[in-house]
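Student: Can you read through this structure? Questions will come right after.
The values are calculated or read from the model by the stated rules, or taken from the named source; none is laboratory data. Predicted model only: the values in this text are computed from it and were never measured. Please note: Cβ atoms are built from the backbone with ideal geometry, for glycine as well, and neighbour counts cover all protein chains shown. Protein only, heavy atoms only, side chains kept; ligands, DNA and RNA dropped before computing areas. Shrake-Rupley method; radii C 1.70, N 1.55, O 1.52, S 1.80 Å.
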Amino acid sequence: MGKITGFLEFARLQEAAEEAQSRVRHFREFIERLPDDAASRQGARCMDCGVPFCQTGCPVNNIIPDWNDLVYRNDWKRALDVLLSTNNFPEFTGRICPAPCEAACTLNINDDPVGIKSIEHAIIDKGWEMGWVVPQPAAQRTGKRVAVVGSGPAGLACAQQLARVGHDVTVFEKNDRVGGLLRYGIPDFKLEKRHIDRRVEQMRAEGVRFRTGVDVCGSEGEGAGAAAGAGAGDGRSAGAGAASEAGAPPVLNLARERVAAHTLLAEFDAVVLAAGAERPRDLPVPGRELDGVHFAMEFLPQQNRVVAGDLAQVGISAQGRHVVVIGGGDTGSDCVGTSNRQGAASVTQLELMPQPPLQERRELTWPYWPYKLRTSSSHEEGCERDWAIGTKRFVAGPDGRVRALVAVRLEWTPDPAGGPMRMREVEGSEFEIRADLVLLAMGFVSPLASLLEAFGVERDARGNARAPTEGPASYRTSVDRVFAAGDVRRGQSLVVWAIREGRQCARAVDEALMGKSVLPR
């Protein structure tokens, strides 16, 4: 795989990126793909390691050593074919995936891992440039109809796979554009939306129908009000406007049409729920109701809509404000990057858990995802970070808007009984942070209950749709002919996991409709 001595001869090479002081002035992507010769050298670093743990570290089980070797040998077309055999949308994962495959790389035991993500990025971008990525319509139609609710990565992957084996697929989306999380949750500087639009056009050519502005609910009619079901896509919610469900952020553009769950069941042979986990974790402390305290998913989609030209200006702006982001994950990082681009006076990110170590203990964690400090490109653009911080209350200014956040330092200690870490407040550690805008980015707890209730789907202890992933009932919910995939089934997760579940769910649907399936497992 690659060059036998490549990992000894070549160092890992990062993709080139625009300087921070320049890129914060715009919302375009700022990371360039590797040139062909550099990608070839990176492919040469792939070892003949015997057991490629990178493939099991990757949720879609990409055949990584094969396309590394093909890129090393400059056989780009075959490399693309191998890549697309396991991943419907490598242009998404090649940009936004955290790359668990690299953590599992054998070379990562004692050296820098192979730059798998950068090679994937290079392969798919070259594939589009060369015109190799084309529609793959089915040779024959089955006459079976499938409805997919939600157009995030799980819904799109499921819809594309089903269309390619001849089913008539319709995707229902409550927002005005297709893409879900990819469209409304991820900032354009990480993923420009032209990548989504290009895939949507390919899928249309393959026979997939898209119905946007549709709220799949318990009863139908015109003027849906707050959208309740056809999710904004795996992992995050829709936007800002009128409240949609208790504990959920409001929705900016209201669905124009309501379609009842029973109507879909009557008109389609199968229904796939792929609406994401949209209910965010709240912070019920004094002052939560103050103006200026918002869920991250009230803040982020507005900027995406402005970039797309669908909105004249954002309603929630960080310009000139002292921004505090509560939550240390990817969504929090996206809030940091967006706030800096909007011209925030300062940005501070707070995390409840202790600061991770700078370097993982590889001998204890490899090939699993390591616990270590991660600094994103948004953090590099300007951000104060603090760990083991608990928020006590928000303080109002004279105008009734939030002006400060009162916090306390926390101490985490192991549970002698072996349970979860124990948290206690450090006595006398209370302090105040100036905050004109507070963004809550503490993760998501479940899908919106209204969609699952509309279909009568049984839920698990976490509020997700209950559906197994193995056996004859894989991805089937408690309701006949209703399947579930992605975050609506597994809870908040990665885009690459959503693609995997969408693909596997498509096979389960195909088997249910046809008695067998040629789709990959």
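Student: Considering the stretch 1-13 alone, what residues qualify as being surrounded by fewer than 20 Cβ atoms within 10 Å (Cβ to Cβ), in a loop (DSSP other than H, G, I, E, B) and among the aliphatic types (A, V, I, L, M)?
Tutor: Listed by number, the residues that qualify are ILE4, ALA11, LEU13.
Student: If you don't mind, there's one more thing I want to ask. Somewhere in the stretch 62-72, is a residue in contact (Cβ under 8 Å) with a residue 12 or more places away in the chain, surrounded by fewer than 16 Cβ atoms within 10 Å (Cβ to Cβ) and not charged (D, E, K, R)?
Tutor: No.
Student: Is it the case that some residue within the stretch 76-85 is open to solvent by 20 Å² or more (accessible area, probe 1.4 Å), hydroxyl-bearing (Ser, Thr, Tyr), out of contact with any helix residue (DSSP H, G or I) (no Cβ under 7 Å at 6 or more places or on another chain) and part of a loop (DSSP other than H, G, I, E, B)?
Tutor: Among the residues of the stretch 76-85, at least one is open to solvent by 20 Å² or more (accessible area, probe 1.4 Å), hydroxyl-bearing (Ser, Thr, Tyr), out of contact with any helix residue (DSSP H, G or I) (no Cβ under 7 Å at 6 or more places or on another chain) and part of a loop (DSSP other than H, G, I, E, B), which makes the answer yes.
Student: Regarding the stretch 280-288, can at least one residue be identified that is touching a residue at least 12 places away in the same chain (Cβ under 8 Å), buried (at least 24 other Cβ atoms within 10 Å of the Cβ) and touching a Cys at 6+ places or on another chain (Cβ under 8 Å)?
Tutor: no
Student: Tally time: how many residues in the stretch 14-55 are out of contact with any strand residue (DSSP E or B) (no Cβ under 9 Å at 6 or more places or on another chain), open to solvent by 60 Å² or more (accessible area, probe 1.4 Å) and modelled with pLDDT of 95 or more?
Tutor: 8
Student: Then there's this: Give the residues of the stretch 32-61 that are farther than 20 Å from CYS101 by Cα and not in a helix (DSSP H, G or I), sorted by residue number.
Tutor: Once the filter is applied, which keeps residues that are farther than 20 Å from CYS101 by Cα and not in a helix (DSSP H, G or I), the stretch 32-61 yields GLU32, PRO35.
Student: Please specify each residue of the stretch 350-382 satisfying the condition of being within 16 Å of ALA441 (Cα to Cα), more than 20 Å from the chain's Cα centre (by Cα) and open to solvent by less than 30 Å² (accessible area, probe 1.4 Å).
Tutor: Scanning the stretch 350-382 gives a single hit, LEU350.
Student: Looking only at the stretch 317-332, count every residue that is open to solvent by 10 Å² or more (accessible area, probe 1.4 Å) and touching a helix residue (DSSP H, G or I) at 6+ places or on another chain (Cβ under 6 Å) and tell me the total.
Tutor: Final tally of qualifying residues: 3.
Student: Just one of (1) outside any loop (DSSP other than H, G, I, E, B); (2) under 30 Å from the mean Cα position of the chain (by Cα) trips up VAL395, so point out which.
Tutor: (2)
Student: Filter the stretch 98-113 down to the residues that are more than 26 Å from the chain's Cα centre (by Cα) and either among the charged types (D, E, K, R) or open to solvent by less than 20 Å² (accessible area, probe 1.4 Å) (or both) and list them by number.
Tutor: LEU107, ASP111
Student: Let me ask you something else. So PRO113 clears everything in (1) free of Cβ contacts under 8 Å to residues at least 60 places away in the same chain; (2) within 27 Å of GLU360 (Cα to Cα) except one condition, right? Which one?
Tutor: For PRO113, the failing item is (1).
Student: Name every residue in the stretch 119-133 that is open to solvent by 10 Å² or more (accessible area, probe 1.4 Å) and in a helix (DSSP H, G or I), in order of residue number.
Tutor: Listed by number, the residues that qualify are GLU120, ASP125, LYS126, TRP128, GLU129.
Student: Can I ask one more? Would you pick out the residues in the stretch 424-455 that are without any contact (Cβ under 8 Å) to a residue 60 or more places away in the chain and not basic (Lys, Arg)?
Tutor: Once the filter is applied, which keeps residues that are without any contact (Cβ under 8 Å) to a residue 60 or more places away in the chain and not basic (Lys, Arg), the stretch 424-455 yields GLU425, VAL426, GLU427, GLY428, SER429, GLU430, PHE431, GLU432.
Student: Identify the residue in the stretch 470-498 that is out of contact with any Cys (no Cβ under 9 Å at 6 or more places or on another chain) and of a type in the set (Val, Ile, Thr) and, among all such residues, is nearest to GLY94 (Cα to Cα).
Tutor: Step by step, filter the stretch 470-498, then rank; the result is VAL488.
Student: If the Cβ limit is 6 Å and pairs must be 6+ apart or interchain, which residue in the stretch 319-343 that is on the phi > 0 side of the Ramachandran plot pairs with which residue that is of a type outside the set (Ser, Thr, Tyr)?
Tutor: The qualifying pairs are GLY320/ALA345; GLY327/ALA441; GLY327/MET442; GLY343/GLN319.
Yes or no, residue by residue, for (1) modelled with pLDDT under 95; (2) touching a Lys or Arg at 6+ places or on another chain (Cβ under 6 Å); (3) among the aromatic types (Phe, Trp, Tyr):
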position	(1), (2), (3)
ALA449	yes, no, no
PRO472	yes, no, no
TYR475	no, no, yes
ARG481	no, no, no
LEU494	no, no, no
